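Asks: Here it is, the structure, as structure tokens.
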Amino acid sequence: MHYIVLDLEWNQCPYGKDREDKRLPFEIIEIGAVKLNAKKEIVDTFHELIRPVVYRQIHFRTREIINLSMRDLDRGRPFPEAAADFLKWCGPDACFCIWGTLDLTELQRNLTYYNMDGAIASPLLYEDVQKLFAIAYEDRRTRRALQYAVEFLKIDEDGEFHEALMDAVYTARVLQFIPDEVISGNYSVDYYRTPAGKEDEIRIRYETYEKYITRGFPTKEAIMGDKEVRSLRCFACGRSAKQKIRWFSDYGKNYLAVGWCEEHGFVKGKIRLRKNDRGQVYAVKTTRLMTQEEVDAIFDRHKTLKERRTKRRHGS
Ligand SMILES: [Zn+2]
């Protein structure tokens, strides 16, 4: 097994969102990566500049971040060539690591654009080093900039940030600090290629919660009507939990429910609805046990929302 720590730089439409190519909102212009062995020792590096073909001017925001001109990039290679070399360099046993959640999604979107679908296995499990840093050193929830983590861990700053290879090296150095059990127990799933069918749906059990990622559905109504999506099982024993509060919409995008297990108490279900690139709706449902405090908060919240709805219905 190798860790492949990847960092990409990308450009976007210089003339604004409404003139972008919807199939490629972010065009990759630089690939930087570091290979580490199972002992997290750096064994190799990879760096390529990409010659852009979709956006031939650098967006002002990209220009503020990166230190590359179109002239630099024109010395780069076409994306399909560089990407093929990169994936070959990664090898078949790659465990991808990135800072945050975006780079692997954008890599796959760029691969799809060039009909190179399937070059990366699905489901794509990876390590989000930004999340791992929060788990190992902070409160789990906070998300810090890479530079913050580098300074926090007193890693030598011997290169510029926002240069793909250097960012990959910094991310790799942060990864070296993360205990192995934190890495293995907290991997992430990339949602770019959502499960194709019911049998491909993903269920992952973490230490304190379970995650279920559904296949794509045509509409929000279809997905919220699905029996499996609406089900609520106890995180501890897996038995069906009696729904004390049925799924309700909390600020539009999230749905919450509270269940009760005779043996393990209250169970919280949360459904986030998202859209994939094919316009389908899919759900990410998490299930966990609750503290009494959380139970009270959610009952309060449900009551408030219900009252508000009742008032609206009566026109006051
Ligand atoms: Zn139970």
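Asks: Return the pair list, or none, for Cβ contacts closer than 6 Å from residues in the range 253-273 that are free of Cβ contacts under 8 Å to residues at least 24 places away in the same chain to residues that are among the small types (Gly, Ala, Ser) and within 8 Å of the ligand (Cβ to nearest atom), at least 6 apart or on different chains.
Replies: What qualifies is Trp260/Ala241.
Asks: Still on this structure: Any residue in the range 280-309 that's farther than 26 Å from Glu228 by Cβ: show its pairings with residues that are buried (at least 18 other Cβ atoms within 10 Å of the Cβ) and not acidic (Asp, Glu) at Cβ separation under 9 Å, as long as the two are six or more apart or on different chains.
Replies: Every condition considered, the pairs that remain are Thr291/Phe266; Gln292/Phe266.
Asks: Here is a list of conditions, (1) at pLDDT below 95; (2) surrounded by 17 or more Cβ atoms within 10 Å (Cβ to Cβ), and Arg61 meets all of them except one; can you say which number that is?
Replies: Checking Arg61 against (1) at pLDDT below 95; (2) surrounded by 17 or more Cβ atoms within 10 Å (Cβ to Cβ), the one that fails is (2).
Asks: Now for a separate question. Any residue that is in contact (Cβ under 8 Å) with a residue 24 or more places away in the chain and of a type in the set (A, V, I, L, M, F, W, C) - is there at least one of those in the range 109-117?
Replies: Yes; the residues of the range 109-117 include at least one that is in contact (Cβ under 8 Å) with a residue 24 or more places away in the chain and of a type in the set (A, V, I, L, M, F, W, C).
Asks: Kindly list, by first and then second residue, each pair from a residue in the range 170-188 that is more than 20 Å from Leu102 (Cβ to Cβ) to a residue that is in a helix (DSSP H, G or I), limited to pairs with Cβ atoms under 6 Å and residues at least 6 apart or on different chains.
Replies: From residues that are more than 20 Å from Leu102 (Cβ to Cβ), the pairs are Val182/Leu132; Val182/Ile135; Val182/Ala136.
Asks: Please enumerate the residues belonging to the range 273-316 that are modelled with pLDDT of 90 or more and of a type in the set (A, V, I, L, M).
Replies: Correct list: Leu273, Val281, Ala283, Val284, Leu289, Met290, Val295, Ala297, Ile298.
Table: residues versus (1) of a type in the set (A, V, I, L, M, F, W, C); (2) in the same structural domain as Asp167 (by TED's automatic domain parsing); (3) more than 30 Å from Asp180 (Cβ to Cβ).
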site	(1), (2), (3)
Ile66	yes, yes, yes
Ser69	no, yes, yes
Arg109	no, yes, yes
Tyr113	no, yes, yes
Ala119	yes, yes, no
Val129	yes, yes, no
Glu138	no, yes, no
Tyr148	no, yes, no
Lys154	no, yes, no
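Asks: Which residue pairs have Cβ atoms closer than 9 Å, lie 6 or more positions apart in sequence or on different chains, and pair a first residue in the range 64-89 that is surrounded by 13 or more Cβ atoms within 10 Å (Cβ to Cβ) and of a type in the set (Gly, Ala, Ser) with a second residue that is assigned to a helix (DSSP H, G or I) and at pLDDT 95 or above?
Replies: Matching pairs, first to second residue: Gly76/Ala82; Ala83/Leu107; Ala83/Asn110; Ala83/Leu111.
Asks: Turning to a different aspect of this structure: Name the single residue, out of those in the range 239-261 being modelled with pLDDT of 95 or more and in a loop (DSSP other than H, G, I, E, B), that is nearest to the ligand (Cβ to nearest atom).
Replies: It comes out as Arg239.
Asks: Same structure again: Please go through the range 129-153 and give me each residue that is out of contact with any helix residue (DSSP H, G or I) (no Cβ under 9 Å at 6 or more places or on another chain) and touching a residue at least 40 places away in the same chain (Cβ under 8 Å), ordered by number.
Replies: Of everything in the range 129-153, just one residue is out of contact with any helix residue (DSSP H, G or I) (no Cβ under 9 Å at 6 or more places or on another chain) and touching a residue at least 40 places away in the same chain (Cβ under 8 Å), namely Lys131.
Asks: Okay, next question. Please specify each residue of the range 172-201 satisfying the condition of being within 29 Å of Tyr282 (Cβ to Cβ), surrounded by 16 or more Cβ atoms within 10 Å (Cβ to Cβ) and not aliphatic (A, V, I, L, M).
Replies: Asn186, Tyr187, Ser188, Asp190, Tyr191, Tyr192, Arg193, Thr194, Pro195, Glu201
Asks: If you go through the range 150-164 one residue at a time, do you hit one that is crowded, with 19+ Cβ neighbours inside 10 Å, assigned to a helix (DSSP H, G or I) and touching a His at 6+ places or on another chain (Cβ under 8 Å)?
Replies: Scanning the range 150-164, I find at least one residue that is crowded, with 19+ Cβ neighbours inside 10 Å, assigned to a helix (DSSP H, G or I) and touching a His at 6+ places or on another chain (Cβ under 8 Å), so the answer is yes.
Asks: Right, another one. May I ask you to say which residue of Gly118, Gly216 is out of contact with any Leu (no Cβ under 8 Å at 6 or more places or on another chain) and at pLDDT below 95?
Replies: Gly118
Asks: Something else: Would you tally the residues in the range 262-279 being among the charged types (D, E, K, R) and either in a loop (DSSP other than H, G, I, E, B) or within 16 Å of the ligand (Cβ to nearest atom) (or both)?
Replies: Residues that pass the stated criteria total 5.
Asks: I've got another one for you. Just need a number here: residues in the range 36-48 that are charged (D, E, K, R), part of a strand (DSSP E or B) and surrounded by fewer than 21 Cβ atoms within 10 Å (Cβ to Cβ).
Replies: 1
Asks: If you don't mind, another one. Quick check on the range 209-235: of everything there that is buried (at least 16 other Cβ atoms within 10 Å of the Cβ) and part of a loop (DSSP other than H, G, I, E, B), which residue is farthest from the ligand (Cβ to nearest atom)?
Replies: The extreme case among them is Gly216.
The values are calculated or read from the model by the stated rules, or taken from the named source; none is laboratory data. These numbers were taken from a predicted model, which means no experiment stands behind them. Every residue, glycine among them, receives a Cβ derived from its backbone with ideal geometry; neighbour counts consider all protein chains shown.
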